[in-house]
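The values are calculated or read from the model by the stated rules, or taken from the named source; none is laboratory data. Keep in mind that what you see is a predicted model, and the values were worked out from it rather than measured. When we count neighbours, we look across all protein chains shown, and the Cβ atoms used for this are built from the backbone with ideal geometry, even at glycine.
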């Protein structure tokens, strides 16, 4: 009973310390730059710098359509093109098109007669060549799909000509064989805001919590505040927990802002995975906060702490894949990435944000982060000095 | 209340000067407006405390007690071991030997209980500069175990008592040194501790601010708080503390009330003789040893106490007749500095 009361009192003190630290952080407006403005700016600019076709910010490729076919097969081909991710444009949006497609007037008629027919693929004046290959690939895939449906219908009806309804019905059915050929069996490489948002969150969480944690603990030791706390009925465990909790609250503020901006303004799709993403980031914030308190406990020279934290957090960001995808670095560096918490945090976030995975796909990474957190917290508690 | 006849006499052959002196204040227990009950229970007992830092013995087998309603002063120069002692008493440091007993129980048998009883005012201004005076008080109150509403109420009361109500909402970083010291003191009082440990709480502030703080501390003692007060200011120890322990190089050299300590010098009169004393040998001077005791001697100054109830005029006559060239003789009541001088061979102010 008495032990329970003590634990409760300790928790209350830890919460009070954490809330007080958060209040003090927010009184120091100069820190807002590093907490909010820099991470947002870097997320935005890096997102553009590493943008790929699958990025949320990248527009769908435009295809100018000149459909002269009065029959239904022209319309079905256009539906297939839309499903391949192409944006179909009319003459009024001609300047947005990368390439053009002309469907001849006898397209349906010749196909139904089982005669050879062609569609015209042409260059739109003023458009560059950079996206033409991608448009062409998608066009070919749409034509293959149309052929597939025609063959399937012919097999099912012993060569009867297809009707529009019959073909659309076939299109709605699930294909018996599906080839996920987007990335030829590899994981996709995260690009654009899908990379820059988690990358900057992971980097700035680590950097800010290391710096704020280390500098605060060292400053409070210098000013005697920690010694004063120690002469109150506050246990060492409550004191360390309170310090880590305060830093985690600060991390939560940063997480909330960046995720909200990422979703609302940058279009990063996190629907259905919010819980897993928040769990990952909270566990990671625990790791970073514990490391911050550990640094403040080990390094007494206040002026050295910021430099040391930058020296630690920037290489960890680079090695952990916050600045570029780990897929493009050599294997030894990929191994190094998995010796540090940033690498595991990025893996988990890519699983959840870029690859559409759920908690099950990220649980291994979250588990490793929990181990990092436990080790850092233990070390911080062990080394904490007033 | 206070002795109205502080006196210090400067004598130059042929001339007599009367100089007022704080050191000459003759304070008794009753001068503090109340008499200490020596039968009162010691709330704090330090027994044979020992602390070493490597080869250095910072505190060497110190013993003292602080009773309810008493202000006990630990007087000593910087580095004497005052802060180390107070750190052991409040549990910041564990003694290598000895024990700290708070209200009858060893501190380390239940540190949290002991900490709830005591309030500690550190030597440094350990406050959050970014927070207001009120916010600081409330936070430290909650750390002491108060609920938020209680901490809020008591912070308001303390701000009034400390004359800081009009600046309560301002950030502590904008306060003057004296105001910070007052808040620093207040932060230790939210939970109304029965034992208050004050580690040089008036360092670095102006005399007026110091007087306000000392007056406040006297009020706390009047209300029954046991106070351990460390200082290197003689005047504070003399005017504030009912009992004083003189500490140097980690050892408690003497302890007692001001008058008890003064009596250690063997008399109520102290003569300071300035002159050419390099080759002087007082022990060989005729009749000198019968009446005087040498407290300190240097090439230019001799401090001697007069034993018994001798007439100052007779003493002066005898001193002026000494076989040395005397430039000045000063007669004064012994101060704590003289006691310290006698105990250590050097002045506290050195």
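Can you name every residue in segment B:94-127 that is more than 19 Å from residue A:238 (Cα to Cα), without any contact (Cβ under 8 Å) to a residue 40 or more places away in the chain and either within 8 Å of another protein chain (Cβ to nearest Cβ) or surrounded by 15 or more Cβ atoms within 10 Å (Cβ to Cβ) (or both)?
Within segment B:94-127, B:107, B:124 qualify.
Can you confirm whether segment A:142-164 contains a residue that is in contact with a helix residue (DSSP H, G or I) (Cβ under 7 Å, 6 or more places away or on another chain), exposed (fewer than 15 other Cβ atoms within 10 Å of the Cβ) and part of a helix (DSSP H, G or I)?
Taking every residue of segment A:142-164 in turn, at least one turns out to be in contact with a helix residue (DSSP H, G or I) (Cβ under 7 Å, 6 or more places away or on another chain), exposed (fewer than 15 other Cβ atoms within 10 Å of the Cβ) and part of a helix (DSSP H, G or I).
Taking residue A:94 as the residue in question, decide whether it is assigned to a helix (DSSP H, G or I), more than 14 Å from chain B (Cβ to nearest Cβ) and more than 34 Å from the chain's Cα centre (by Cα).
no
Quick check on segment A:91-113. Is at least one of its residues in contact (Cβ under 8 Å) with a residue 60 or more places away in the chain and in the same structural domain as residue A:164 (by TED's automatic domain parsing)?
Keep residues of segment A:91-113 that are in contact (Cβ under 8 Å) with a residue 60 or more places away in the chain, which gives none.
Checking segment A:91-113: not a single residue is in contact (Cβ under 8 Å) with a residue 60 or more places away in the chain and in the same structural domain as residue A:164 (by TED's automatic domain parsing).
Looking only at segment B:190-211, which residues are more than 13 Å from chain A (Cβ to nearest Cβ) and either surrounded by 18 or more Cβ atoms within 10 Å (Cβ to Cβ) or more than 19 Å from the chain's Cα centre (by Cα) (or both)?
Within segment B:190-211, B:192, B:194, B:202, B:205, B:209, B:210 meet the criteria.
Looking at A:247, A:310 in this structure, which one is over 20 Å from residue A:369 (Cα atoms), more than 14 Å from chain B (Cβ to nearest Cβ) and in contact (Cβ under 8 Å) with a residue 12 or more places away in the chain? Walk me through how you get there before you give the answer.
Details: A:247 fails: over 20 Å from residue A:369 (Cα atoms).
Unique residue meeting the criteria: A:310.
Tell me which helices (runs of 4 or more DSSP H) are completely within segment A:190-307 and hold 1 or more residues being under 23 Å from residue A:347 (Cβ atoms) and assigned by TED's automatic domain parsing to the domain that holds residue A:30, or say none if there are none.
Here the list reads A:192-223, A:236-264, A:274-298.
What pairs come out if I take residues in segment A:215-231 that are more than 10 Å from chain B (Cβ to nearest Cβ) and pair them with residues that are crowded, with 22+ Cβ neighbours inside 10 Å and assigned to a helix (DSSP H, G or I) whose C-beta lies under 6 Å away, six or more apart or interchain?
Within 6 Å, the pairs are A:215/A:305; A:217/A:293; A:217/A:296; A:218/A:296; A:218/A:305.
Among the numbered criteria (1) farther than 20 Å from residue B:41 by Cα; (2) out of contact with any helix residue (DSSP H, G or I) (no Cβ under 6 Å at 6 or more places or on another chain); (3) buried (at least 21 other Cβ atoms within 10 Å of the Cβ), which one does residue B:89 miss?
(1)
Select the helices (runs of 4 or more DSSP H) contained entirely in segment A:330-386, then report the ones holding at least 1 residues which are away from every other protein chain (no Cβ under 14 Å) and either within 23 Å of residue A:297 (Cβ to Cβ) or touching a strand residue (DSSP E or B) at 6+ places or on another chain (Cβ under 7 Å) (or both). Full working, then the answer.
Working: elements: A:331-337, A:341-353, A:359-383.
The qualifying helices (runs of 4 or more DSSP H) are A:341-353, A:359-383.
Conditions tested, residue by residue: (1) within 12 Å of chain B (Cβ to nearest Cβ); (2) within 32 Å of the chain's Cα centre (by Cα); (3) at pLDDT below 90; (4) not in a helix (DSSP H, G or I).
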residue	(1), (2), (3), (4)
A:4	no, no, yes, no
A:11	no, no, no, no
A:21	yes, yes, no, no
A:24	yes, yes, no, no
A:36	no, yes, no, no
A:43	no, yes, no, no
A:46	no, yes, yes, no
A:53	no, yes, yes, yes
A:56	no, yes, yes, yes
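Which of (1) touching a helix residue (DSSP H, G or I) at 6+ places or on another chain (Cβ under 8 Å); (2) surrounded by fewer than 24 Cβ atoms within 10 Å (Cβ to Cβ); (3) closer than 26 Å to residue B:89 by Cα does residue B:228 not meet, given it meets every other one?
Of everything listed in (1) touching a helix residue (DSSP H, G or I) at 6+ places or on another chain (Cβ under 8 Å); (2) surrounded by fewer than 24 Cβ atoms within 10 Å (Cβ to Cβ); (3) closer than 26 Å to residue B:89 by Cα, residue B:228 misses just condition (2).
Just wondering, is there one or more residues in segment A:294-304 that are without any contact (Cβ under 8 Å) to a residue 60 or more places away in the chain and either surrounded by fewer than 20 Cβ atoms within 10 Å (Cβ to Cβ) or closer than 24 Å to residue A:271 by Cα (or both)?
Among the residues of segment A:294-304, at least one is without any contact (Cβ under 8 Å) to a residue 60 or more places away in the chain and either surrounded by fewer than 20 Cβ atoms within 10 Å (Cβ to Cβ) or closer than 24 Å to residue A:271 by Cα (or both), which makes the answer yes.
Restricting to segment A:114-132, give me the number of residues that are free of Cβ contacts under 8 Å to residues at least 40 places away in the same chain and over 14 Å from residue A:67 (Cβ atoms).
12
Take segment B:233-283 and flag every residue that is part of a loop (DSSP other than H, G, I, E, B) and closer than 11 Å to residue B:339 by Cα. First the steps, then the outcome.
Our first condition is that a residue be part of a loop (DSSP other than H, G, I, E, B); within segment B:233-283, this holds for B:233, B:241-242, B:249-250, B:257, B:264-268, B:276-281.
Those that are part of a loop (DSSP other than H, G, I, E, B) and closer than 11 Å to residue B:339 by Cα: B:264, B:265, B:266.
Quick one: how many residues across segment B:157-173 are within 30 Å of the chain's Cα centre (by Cα) and within 24 Å of residue A:18 (Cα to Cα)?
2
Look at segment B:239-253 and say how many of its residues are under 9 Å from the mean Cα position of the chain (by Cα) and farther than 14 Å from residue B:70 by Cα.
1
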